[in-house]
C-alpha cells in the first residue's frame, strides 16, 4: 500500500488519498473503494482488521494507542501519505477495501 510504483511514482494509498482530498475538498461526500483480486494480508496490522461485511478498516483501525501495532501502522500509513493520523482515519471512514475479487 505504501510502496512507490515501479516507475518511482506515488504509492497506491497516496494516490487514493490525493484523489480523496481533491474530491472532498469542497465538502462533497465521497465513497471510495480499492478493488483487487489479491487477498488481504493477514499479517498487516491494519488490513487484517478489514470487516468482510462492510469492507472497512474503521472502527477497528482507530482503536488502541500509538505504541500498539495498530497505532504504529496508523502512524506509518499517515506518514506515507503525508497526513495526520486523524486525517488518515477520516479517509479510512470512506475507503472500502474490496479484496480477493475473482
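Read-outs: derived from the displayed coordinates by stated rules, not from any lab. Keep in mind it's a predicted model, so treat the numbers as computed, not measured. We place every Cβ from the backbone using ideal geometry, glycine too, and count neighbours over all the protein chains shown.
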Worksheet item: Is it true that residue 14 is in a helix (DSSP H, G or I), over 14 Å from residue 96 (Cα atoms) and touching a residue at least 40 places away in the same chain (Cβ under 8 Å)?
Response: yes
Item to complete: Please state which one of 100, 78 is closer than 24 Å to residue 38 by Cα and exposed (fewer than 15 other Cβ atoms within 10 Å of the Cβ).
Response: 100
Worksheet item: Going through the range 1-32 one residue at a time, which ones are more than 17 Å from residue 81 (Cβ to Cβ) and either out of contact with any helix residue (DSSP H, G or I) (no Cβ under 9 Å at 6 or more places or on another chain) or surrounded by 15 or more Cβ atoms within 10 Å (Cβ to Cβ) (or both)?
Response: 6, 7, 26, 27, 28
Practice prompt. Could you please give the count of residues in the range 53-102 that are in contact (Cβ under 8 Å) with a residue 40 or more places away in the chain, touching a helix residue (DSSP H, G or I) at 6+ places or on another chain (Cβ under 9 Å) and assigned to a loop (DSSP other than H, G, I, E, B)?
Written response: 5
Worksheet, complete the sentence: Of the residues in the range 57-71 that are within 14 Å of the chain's Cα centre (by Cα) and over 17 Å from residue 12 (Cα atoms), the one that is surrounded by the fewest Cβ atoms within 10 Å (Cβ to Cβ) is 59
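Yes or no, residue by residue, for (1) touching a strand residue (DSSP E or B) at 6+ places or on another chain (Cβ under 8 Å); (2) farther than 16 Å from residue 77 by Cβ:
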{"position": "11", "(1), (2)": "no, no"}
{"position": "29", "(1), (2)": "no, yes"}
{"position": "34", "(1), (2)": "yes, no"}
{"position": "44", "(1), (2)": "no, no"}
{"position": "53", "(1), (2)": "no, yes"}
